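Working notes, beginning with the structure itself.
Throughout, read-outs are computed from the coordinates displayed, never taken from laboratory work. Since the model is a prediction, treat every value here as computed from it, not as a measurement. Virtual Cβ from ideal backbone geometry, glycine too; neighbours counted across all protein chains shown.
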Amino acid sequence: MAICEMSSMTLVALTREKDVILDGLIKTGAVQICSQEDYELACEKGFESASKDRAEEELRAREALSAVEEAVDSLPKEEREKFPVFRGLFGVTADEFLATGDRLGEIAEKIDGIIGLSEKRAGLKAELSKLSEERKGYAEYENLKEKFSDFSDTKYVKTVLGVVPNDKSDKLFSAFGNSETVVFGKAADGTKGAVVFAAYLKKDAENAERILNENGFKKCPYKSERTAADEIKAIDEEIKLVEEKALSLVRETAENAVYVRDIRLYIDYLGFLKEKAKDGEEFRRTAETFVMKAFVPTEATARVEENVAENATAYFTEFSPVKRTEFAPTLMKNNKVVSNFEAVTNMYSAPAYGAKDPNAVMSFFFSLFMGLIMGDAGYGLLMIVGGLLLAKKSREGTTMRRFGKIFAYGGIFAVLFGILFDSFLGFNIIRRFAGEDYNAFYAAHIDPINAISSIAGIDVPSILLWCLALGTFQIAVSLVMKAVQCFERKQIAEGIFGGLVWAFALVSAIILVFGIVRNVGALTTYALYSTIALFALGIITSGISEKGFKKATKTFGSLYGLINYMSDILSYARLYGLMLSGAQIASIFTNTLAVGMLFPQGFIGIVFGV
C-alpha cells in the first residue's frame, strides 16, 4: 500500500517502426509519454495539418452519430424498438481498440453514407418548409370560390384581388361606395381579414390604388387557373409525398444504429491517433530514428523493454529511477479493499509522487466515520447489500463500482455501531432482552443523548467526547505519517519535532481529557505535564529546519497553528450531530411513518413497513 517508484525511460528506435512501437507500449498500460518541447526537430512538423484533418473526420463522425440517434428518436414508438441505439458505456479490449485502425476506411464509408442521408433529409426539410409557407399563403384565400385568373385585367379595366384588415373594410367600402368608376366588393372571409376585389379604369388606377393602400390593402400575388382550395389540395398531396420520402430516409438512417458502437470506437481511435501523432512529433529525431522519453513504474521496466523488443528490430532503452524529491506521475498500488478509496482521494487531489499514500489510513477512518454517522445495524445491512449490488452492476474499474464497495465497507461499521448503540432500523432490541445492569450501563456510558461526562463542571455528552477523540487521533496519525515521510527523506529533525512531537501531544491531550472525565488523579497530572511539555517543545522547535529570520517567524506561526488544531478537532463534532440527526430520522420513519401509518398491524406489517 504505497506510491509506486517510477523510472524515467529513454527509447531510441527507427522512425519507420514508431507507430508499431507506440501501439505496443500503449497495450502494456504502464507507459506515460513525456512531451519534448525543448527539443529542436530535425524535420518539419506535420502535426497541425494532421490534427486538423483528424478533427474534421471526428466532426463528421459525431454528425453521423447525432443523425442516427435523432432518426431513431423521431420514429414512432413501435418502430423505435427495432433500431436500438447503443448509448451507454461499453468495455473494449486493447486488441479490439487497436484493430479499429484496420477498419477506418470501412467505418468512414458508413459515416459518409449516413452524412449523405442526412443531407438528403435536410433538403427535404427545406422543401417541406417552402411548401408549408406556400400553403399558408393560399390559406388566406381558401374560402374564395372563384379562380385567381377570374380577377384579370382587360384592355381598359384593371382588376385587383387582395386582403384588407377587418377593422378597415367598412372605411374602404365607404370610400368606394359612391364611386362611379370603381367596382368594389367582398369576395370571401380570409384568416387575417376580408378578401376583397376592386375593378377600375386604368386611367383612374393611381387614385384607386392610393385609397386601397391607405386602408391596408394587401394585393394577392396569385394568378393561376385554379382556386385556392385546389392549390392547397395539390400542395397537401406534394407535402404528403415529401413526408413519405423523409420518413423513408429516417428509417434508412435508423438502420445504421447497428454501427453506432463502431462509430464511437472510430471517434475514440481518432483521438488516440491525434495524441500519438502529437507525441510522435514531439520526439527528437533524425531522418532514420526518433527519441522518446516516458515514465514507467520501476517494477514494469522489464515488461516494457520486452514489449519494445517484440516490436522493434533495432533500439536502445535506458531506465533510471526517479528520486522521490523529483517530479513524476503518481501511481498508487493498494490491495483490493484500499484501492477502492483511491476514488475518494482523487476527488480532492492525488498525493504527490514523493508523498506517503494516505489511502490505507483514510480507508479505515472514512469507513469508521461513515458507520458512526449511520449508527444503525439494520440500515448498515442495507448499506452492505445495496453497495455490493451497485458494485456488481457496475463495470470493473469504474468509479461507481468503487463507491458501491466503499458504501458496503461503511455498512460493516454501521452494523458494529448499531449493535453498540442498540439500534436496528430504529428499534431497541438488545435493551428489551438484557437485564437491568446492562440498561443502567448503557444509560450511563453509551446512550448518545443521556450518557453525560463532566469536564470542569460542564456536562458534555460522552459520545460527543468520543467523536472529538477519534478526530484528534486521526490528526495524530496523519502527523505520524508526516514523520515517516520526513525520515525517508533524511529530514530527521523535522520528522521528530514537526511530526512525532505534535502527534504525541495530541494523544497526550486525549489521555488528559479521559483522566479528567474519569477523575483519575495521577493520570490527569502526568498527562497534563506531558501535554504542556510536548506542545511547548513543538512550538519552540517548529523552526528547527529553517534558518535566520524564518526560524523566529516559524515559531510564532506555530502558536497560530494551535488555533487551527483546535478548529480541526472541533469540526469532528459534526460526526455526533449527523449521527443524532440520522438516528432521529430513522426513528421517525420507522416508528411513525412506515409502521404507524402504512403497516400498523403485526410482525409482517412491520417488516414491509420498514
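Only Lys, Arg, Asp and Glu carry charge here, each on its Cβ (+1 for the first two, -1 for the last two); on that basis the chain has a dipole of about 1700 debye about its Cα centre. 3J(HN,Hα) along the stretch 267-272, derived from phi through the Karplus expression 6.51 cos²θ - 1.76 cosθ + 1.60 where θ = phi - 60°, amounts to 5, 4, 5, 4, x, 4 Hz, with x in place of Gly and Pro.
Just need log10 I(q)/I(0) for the chain at q = 0.08 Å⁻¹, Debye formula, equal scatterers on the alpha-carbon atoms, no solvent, rounded to two decimals. Log10 of I(q)/I(0), two decimals: -0.90.
Overall shape: oblate for the stretch 240-378, with the ratio a/c of the largest to smallest alpha carbon gyration tensor axis at 1.5 or above and b/c at least equal to a/b. Here the simple spin-label model places points 7 Å from the Cα toward Cβ, and for Ile563 and Lys218 these points are separated by 7.4 nm. Each residue of the stretch 290-304 was assigned a 3J(HN,Hα) from its phi angle through the Karplus expression (A = 6.51, B = -1.76, C = 1.60, θ = phi - 60°), giving 9, 10, 10, 10, 7, 9, 9, x, 4, 5, 9, 4, 5, 5, 5 Hz with x at Gly and Pro. Structural descriptor for the chain: relative contact order 17 percent, calculated from alpha carbon pairs under 8 angstrom and at least 6 residues apart.
What shape does the stretch 456-571 take by its C-alpha gyration tensor, where a ≥ b ≥ c are the square roots of the eigenvalues and a/c under 1.5 counts as rounded, a/b above b/c as prolate, and the rest as oblate?
Numbers: a/c = 2.07, a/b = 1.90, b/c = 1.09.
Taking the square roots of the gyration eigenvalues as a ≥ b ≥ c, the stretch 456-571 is prolate.
Here the Karplus relation 6.51 cos²θ - 1.76 cosθ + 1.60, evaluated at θ = phi - 60°, turns the backbone of the stretch 123-139 into coupling constants of x, 5, 4, 5, 5, 4, 4, 5, 5, 5, 5, 4, 5, 4, x, 6, 4 Hz, with x for every Gly and Pro. Taking a ≥ b ≥ c as the square roots of the eigenvalues of the alpha carbon gyration tensor, the stretch 400-487 is oblate, as a/c is not under 1.5 and a/b does not beat b/c. Length gained on full extension, Ala126 to Leu390, computed as 0.36 nm times the residue gap minus the Cα-Cα distance: 90.2 nm. Using the rule -39500 (n - 2.57) for each DSSP H run of four or more residues, divided by the residues of the chain, the 222 nm mean residue ellipticity is -19000 deg cm²/dmol.
So which chymotrypsin sites (Phe, Trp or Tyr not before Pro) in the stretch 100-208 pass both tests, a DSSP loop state and at most 12 other Cβ atoms within 10 Å of the Cβ? Mind dumping the intermediate values first?
Working: sites: Tyr138, Tyr141, Phe148, Phe151, Tyr156, Phe173, Phe176, Phe184, Phe197, Tyr200; in loops: Tyr141, Phe151, Tyr156.
Those satisfying the criteria are Tyr156.
Once each of the GluC sites (Glu not before Pro) sitting in a DSSP loop with at most 13 other beta-carbon atoms within 10 Å is removed, the chain keeps 397-610 as its longest stretch. Relative to the longest principal axis of the chain, what angle (0 to 90°, nearest 10) does the C-alpha long axis of helix 205-214 take? Long axis of 205-214 versus the principal axis of the chain: about 30 degrees.
Of the chymotrypsin sites (Phe, Trp or Tyr not before Pro) in the stretch 281-356, the ones in a loop by DSSP (not H, G, I, E or B) with at most 14 other beta carbons within 10 Å are Phe327.
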